[in-house]
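**Student:** I have a structure here, written as C-alpha cells, and I will follow up with some questions on it.
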Amino acid sequence: MATAVCARDHQPIHLQIVVEYIQKRLPRLRSTSFAIDLALVALSIRAAHLVDAFTPKKDARNTFSSLLHRLRQANSLVAEETEPSVLFIDVVHVYEPTSEQSFFINAPLFLDTSPPHCPVFISADSSPHILTEPPQTLPSLLHDLTNQLIRHSSSPTITIDLPQDLSPASTVPLAAILLEYPVAYCPPATINSEPLLGGVTLDVYQVSLNNVPARSFLNNNSHHVLLKFSCPSHLGSSYPDRLSPELTMVNLRSLFESRMMDHVDLESVISIHHEVQTLDRVAL
C-alpha cells in the first residue's frame, strides 16, 4: 500500500494537516467529524466512508460531487513549506440512488487489497447463521463497481452511480465490503415488519482514534469513531478461528495501526472497545 507523502521532501503527510486543508477548502463545512473521515480516506487509512454525519438540504449527489471537485482543485495543503500531491484525485464519490447514500472511496486502496476484502456473510434474521455464499446479486454489483474504479485510474471521475432500484439484500453487504467490516449482514430480499436481529445477543465493536492533547484536531472531542459494527455472539463462540472477539480485535488493531503510523502523532492511539448487547432491532 502506498503512503501519502509530501512531494518536496517525501515525508508522510500528517492527518491534522489534511483535516485543516479540508476545512480551509470547504469553509461552510461545519462537521469536523466529516472532515476527519474524508482525511482518513484520502490518506489510505480507511478504504471508504459512508456519509452519515449530516444530510445535504438538497441533491446529495451533486452536493458531494461538487465538494470533491473543490478538494481536488488545490495542489498544496495548508502548510506553506509542503507541496504534497493532490490526494483527492484517488478519492471517488459513489452514489446509491435508491437510498440516496453516498460513499467516499479510496480507489487505489480498495483495488490494491489482495485478496479483495471478503467479510463473513451472516443472515440478518431471528436465527442468524453464516452463509456459504454471498447474496446472488452481490458479485455482479461488486464486479461492475470494481471495473469503474479501475477505469478511474486512467480517466479520473468524480462520481460513480450505482444502479437504480437496488434492494437492501445487495446494498447492505456491499456497504460492509466497502467499509471493511469483518462481517456483512445479509437481509432477506423482502423485509417484513419483524425487527432485524431483534433480541439477538451481539458482540458490538467500536474502533476509535483517541487524542490526549488539548491542541488536538479532534477539538473538544476525546475520540473519533472510525467504525462500529456487530456480530452475533453465538457465532463468535462457534467459529473462534474466524469471529472470536479476541481475534477480531487483534485483526482490527493490526489493520489500522499499520495504516496510521506515518500520519498521526504517538499520542494519538487506536482503541478498540468490545461489549455485549441485546437490542430490540439493529439498523443495517
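**Student:** Would you mind calculating the gained length between residue 234 and residue 54 on full extension (0.36 nm times residue separation, minus the Cα-Cα distance), in nm to one decimal? The partial results should precede the final answer.
**Tutor:** Details: separation 180, 0.36 × 180 = 64.80 nm, distance 3.43 nm.
Full extension from residue 234 to residue 54 adds 61.4 nm.
**Student:** Name the residues whose placed amide hydrogens come within less than 5 Å of the amide hydrogen of residue 185, ignoring near sequence neighbours (fewer than 5 apart) on the same chain.
**Tutor:** Those lying under 5 Å, H to H, from residue 185 are 122.
**Student:** Averaging the inverse of every distinct alpha carbon separation and then flipping it gives the Kirkwood radius. What is it for segment 15-278, in angstrom units?
**Tutor:** Its Kirkwood hydrodynamic radius stands at 19.6 Å.
**Student:** Using a simple spin-label model with points 7 Å from Cα along the Cα→Cβ vector, what separation in nm is obtained for residue 120 and residue 257?
**Tutor:** 2.2 nm
**Student:** Sort 158, 36, 150 so that the residue with the fewest other Cβ atoms within 10 Å of its own Cβ comes first and the one with the most comes last.
**Tutor:** 150, 158, 36
**Student:** Additional query: What is the extension gain from residue 24 to residue 277, computed as 0.36 nm multiplied by their sequence separation minus the C-alpha to C-alpha distance, in nm to one decimal?
**Tutor:** 87.1 nm
**Student:** If each of residue 201 and residue 189 carries a label point 7 Å out from its Cα toward its Cβ, how far apart are those two points in nm?
**Tutor:** Computed distance between label sites residue 201 and residue 189 equals 3.4 nm.
**Student:** Which of the GluC sites (Glu not before Pro) found in segment 233-284 are in a DSSP loop and have at most 15 neighbouring Cβ atoms, other than their own, within 10 Å?
**Tutor:** Of the GluC sites (Glu not before Pro), the ones in loops of segment 233-284 whose Cβ has at most 15 other Cβ atoms within 10 Å are 267.
**Student:** Rg (Å, one decimal) plus Dmax (Å, integer) for the alpha carbons of segment 100-212?
**Tutor:** 15.8, 48
**Student:** Now a separate question. What percent does the relative contact order of segment 15-278 come to when contacts are Cα pairs within less than 8 Å and at least six residues apart?
**Tutor:** Reported relative contact order: 18 percent.
**Student:** Then there is this: Take the Cβ-Cβ distance between residue 73 and residue 147 as r, set R0 to 30 Å, and report the resulting FRET efficiency rounded to the nearest 0.05.
**Tutor:** 0.65
**Student:** If each residue of separation counts as 0.36 nm, what is the full-extension length gain between residue 111 and residue 223 once their alpha-carbon separation is subtracted?
**Tutor:** Result for the pair: 37.4 nm of gain on full extension.
Every read-out reported here was derived from the displayed coordinates using simple, explicitly stated rules and does not represent laboratory data. All values reported here derive from a predicted model rather than from experimental measurement. Because the Cβ atoms are built from the backbone with ideal geometry, glycine has one as well, and the counts that use them run over all protein chains shown.
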